[in-house]
Amino acid sequence: MAILPNDNLARIIGNEAYSSRIESFVWISLTQKDPSLTNIKTTPSSLRDFLANHLHQDWALANEIRHDLQFNIIPEHYLNWITDNYRQSRWIQTYITAYIAQSRSAWTPNTSQAVPPPTPAAFQAGIPHHLLRRELSIAIFDYLTSKAFTKMEEAIEYCKRMQHDWQYHTRQDLHLAWLDDADAEKKRDFFWGWLKSRDYLLTHGQSQFLSHEELLIFFDQTRFSATAKEVFGKEAKKTWSQKQRRENTKDKKQCNFVLSEKTVLKLEMLAHRHGLSRTEIIELLVESEAKHERYISERLERKALLTTPLE
């Protein structure tokens, strides 16, 4: 990690280490207090001076950030599970916003927090626009834990709980894995129509998912429980399979006939040897015989020879 001994921001916050995590935390601390700074256009080279200039005008916030960096920001290795994945970033933002809403509803003047937590809308409005994906996830996590917890151990425990909940949440993706294969586009179109036909409110006001990630993000909405995701995935898959069977048997007719056990055994051996179904074996044999007229003709000729009396 680079050291910046002659840097204005480093002197103000009491931390000479250079990292995007520190810069992001300082910026979100500023924008949560002054949302007008969320969309300020700056360059990486001028960002630190921009942050330093604003903190120079608010020493109370500067001292608060200095304290948080020293005592409330958890070690980096606890955050290794957070990736640059867009879906994960959206989920973490929703997860943390829900915690803020819950904390606000439970806040009383007698709690350890001197002031009530912000409203979810105010918190969202105070997030710097330039923060994306992993930087965004870690910045809002650092800001939350610096305000919501008085001990670093509590912040670490919250991080572990969030990691566990994310891993549990993504394990439910297995129920939708059948939608991500060679026929993924057709299956997604079918699934969207299936959801609309089941209940139009499920898709009302929503954009149709065009990729598997968008499909998973659609089901990340808090209105879909893990059970709902499982039920929708299984029922839609069953309907899709039935639809495929009907299409595959459109030009086919079921036939029932009795074969000897010996013939059935031979049929099963052929199917196993060639990796085909018994129906496919029968179709191949019938088509071949209809085209070449070889085996039946030979069989009939031999039969005629055996049954014709000698003169």
Kirkwood hydrodynamic radius over Cα pairs of segment 229-305, then Stokes diffusion coefficient at 25 °C and 0.890 mPa s, in µm²/s: 154
Rounded if a/c under 1.5, otherwise prolate or oblate - segment 39-79, Cα gyration tensor axes: oblate
Per residue solvent-accessible surface (Å²) - the chain, probe of 1.4 Å: 64
Accessible-area value, Val258, 1.4 Å probe, nucleic acids and ligands omitted, Å²: 140
Mean Cβ neighbour count within 10 Å, used as a protection proxy, ranking 31-39, 123-131 highest first: 123-131, 31-39
Inter-site label distance for Arg245 and Val286 at 7 Å from Cα along Cβ, in nm: 2.0
Alpha-carbon Debye profile of segment 126-173, log10 I(q)/I(0) at 0.19, 0.23, 0.27, 0.29 Å⁻¹: -0.72, -0.90, -0.99, -1.02
Dipole-positive endmost among His54, Phe190, Ser19 within the chain (Cβ charges, Cα centre): Phe190
In degrees, nearest ten, helix 44-56 long axis to first principal axis of the chain (Cα): 40
Long pairs among Lys33/Lys151; Lys196/Lys234; Lys262/Lys291; Lys160/Lys229, criterion Cα-Cα beyond 20 Å: Lys33/Lys151; Lys262/Lys291; Lys160/Lys229
Taking all pairs of distinct alpha-carbon atoms in segment 142-238, Kirkwood radius in angstrom: 15.3
Check: the chain dipole with +1 on Lys, Arg Cβ and -1 on Asp, Glu Cβ, in debye: 1000
Long-range amide H partners of Ile73 with built H, under 5 Å: none
Carbon and sulfur %, accessible surface of segment 172-269 computed with the full protein complex present, 1.4 Å: 51
Rounded FRET efficiency, nearest 0.05, which uses the C-beta distance separating Asp180 from Glu293 and R0 of 45 Å: 0.45
Percent carbon-and-sulfur accessible area, segment 1-73, ignoring ligands, DNA and RNA, probe 1.4 Å: 53
Equivalent ellipsoid, segment 1-108 (semi-axes from 5 times Cα gyration tensor eigenvalues, Å): 25, 18, 15
The chain - convex hull of the alpha-carbon atoms, volume per residue in Å³: 236
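The values are calculated or read from the model by the stated rules, or taken from the named source; none is laboratory data. Because the structure is predicted, anything quoted here is derived from the model rather than measured. Counting neighbours? That spans all protein chains shown, and the Cβs are built from the backbone with ideal geometry, glycine included. Accessible surface areas use protein heavy atoms only, side chains included; no ligands, DNA or RNA. Shrake-Rupley method; radii C 1.70, N 1.55, O 1.52, S 1.80 Å.
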